[in-house]
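Here's the structure, in structure tokens; my notes come after.
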Amino acid sequence: ACVVAGGYAASHDTASNTTYVGLYIYPGNTAMSLSKQTRRRRIVRYADGLLQARRDMLAVEEPLAIRLRSANGAQCDVAITMRTPGHDFELVVGFLVAEGIIGTADDLSQMTYCVDQDKDGEQHYNVVSVRLRAAQLPDLAALVRRFTVSSSCGVCGRAGLDELRERGFSALADGPRLSAVLVAQLPDLLRAEQAGFADSGGLHAAALFDAEGRLLVAREDVGRHNAVDKVTGWALLNSVQAAVLLVSGRASYDIVQKALAAAIPVVCAVSAPSSLAAQLAQEFNITLIGFLRGASFNIYSAEQRCSA
């Protein structure tokens, strides 16, 4: 049996045609403790010819199952991802948007943790149940791949660029125009938000910025694609349109796909992009920036958005 422990609830005001989505936590649950991103562990370190016992910090990694429920009560599990606990509802929304299962917050009725009282504490809060407003579940069988993801490789292997066009995506409009000096400053703003990485050295990070370079949100996770889902999910739930997505590692196809789904025109990466990421960015008019380090970077597509 599942017990609702906390989540997002959406209420719709028909007069203003507005959907309000907010976090609620039931008394006595421990959902908010999931923001813990690191965990201590005893290790033995070899250095300077000596073996010595010490304590180290590791990035927390736990499974998260995403369960869909329709308005008529049908349900199915669509994904299991390995993630760092915390901001799970944002992660789920970002994932569902990227996969075309939802388009806006209006598609959501409720999101809750599903806590099985028969399980031990470490297994609590590892299932998020998403109730959709639609009477029927989406046709998941029509998707080309299964929703099984891992923290190492992310969501990858889509049938190709044509599949994205079939989902209705088109090239993003030109703009905004960003100065190179502004772009070069973004990694420092993200680094200041990476407390989990500072503790463990084992967490990826993603951040959203507006066109003036103001930090909107930053999230960390053991999986780089999860960090992106968390920030894009936050943006959808808060009705915020970002201009720039910055990731702390490399830019792969799935990272650029998630930016496209969120209509983010600029993607920046501290490390290298892949060839397919560059192709995807070029075809959908996304500015892709890689090796963003210090005062230099490379632009791989849509360079018209960047000025010296």
- For the stretch 205-213, 3J(HN,Hα) per residue [Karplus equation, 6.51 cos²θ - 1.76 cosθ + 1.60, θ = phi - 60°, Hz, x = Gly/Pro]: 9, 9, 8, 10, 10, 8, 5, 9, x
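Just order 242-252, 196-206, 126-136 by mean Cβ neighbour count inside 10 Å, highest at the front, would you?
Numbers: 242-252: 22.9, 196-206: 20.5, 126-136: 18.2.
Highest-to-lowest ranking by the protection proxy: 242-252, 196-206, 126-136.
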- Message: Taking amide H atoms as placed 1.01 Å from N in the peptide plane, list the residues 5 or more away in sequence, or in a different chain, whose amide H sits under 5 Å from that of C268.
- Response: L245, L246, V247, I289
- Task: Taking the Cα atoms of the stretch 35-117, report the difference between the largest and smallest coordinate on each principal axis, in whole Å and largest first.
- Result: 64, 31, 18
- Item | 3J(HN,Hα) from dihedral phi, the stretch 259-276, Karplus parametrisation 6.51/-1.76/1.60, rounded to Hz, x for glycine, proline | 5, 4, 4, 8, 6, 9, x, 10, 10, 10, 9, 5, 10, 7, x, 8, 5, 6
- Residue-wise, which Karplus ³J(HN,Hα) couplings in Hz belong to the stretch 187-202, taking 6.51 cos²θ - 1.76 cosθ + 1.60, θ = phi - 60°, and x for glycine or proline? x, 5, 5, 5, 4, 5, 9, 9, 5, x, 5, 4, 6, 10, x, x
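Accessible area of the stretch 211-308 with a 1.4 Å probe: how many percent of it is carbon plus sulfur?
Details: 1580 of 3130 Å².
Roughly 51 percent of what the probe reaches on the stretch 211-308 is carbon or sulfur.
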- Query: Given the C-alpha centroids of the stretch 259-283 and the stretch 169-225, what is the distance between them in whole angstrom?
  - Reply: 13 Å
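The values are calculated or read from the model by the stated rules, or taken from the named source; none is laboratory data. Computed from a predicted structure; not experimentally measured. Glycine gets a Cβ as well: all are built from the backbone with ideal geometry, and neighbour counts include every protein chain shown. The accessibility values were calculated without ligands, DNA or RNA, using every heavy atom of the protein model including side chains. Shrake-Rupley method; radii C 1.70, N 1.55, O 1.52, S 1.80 Å.
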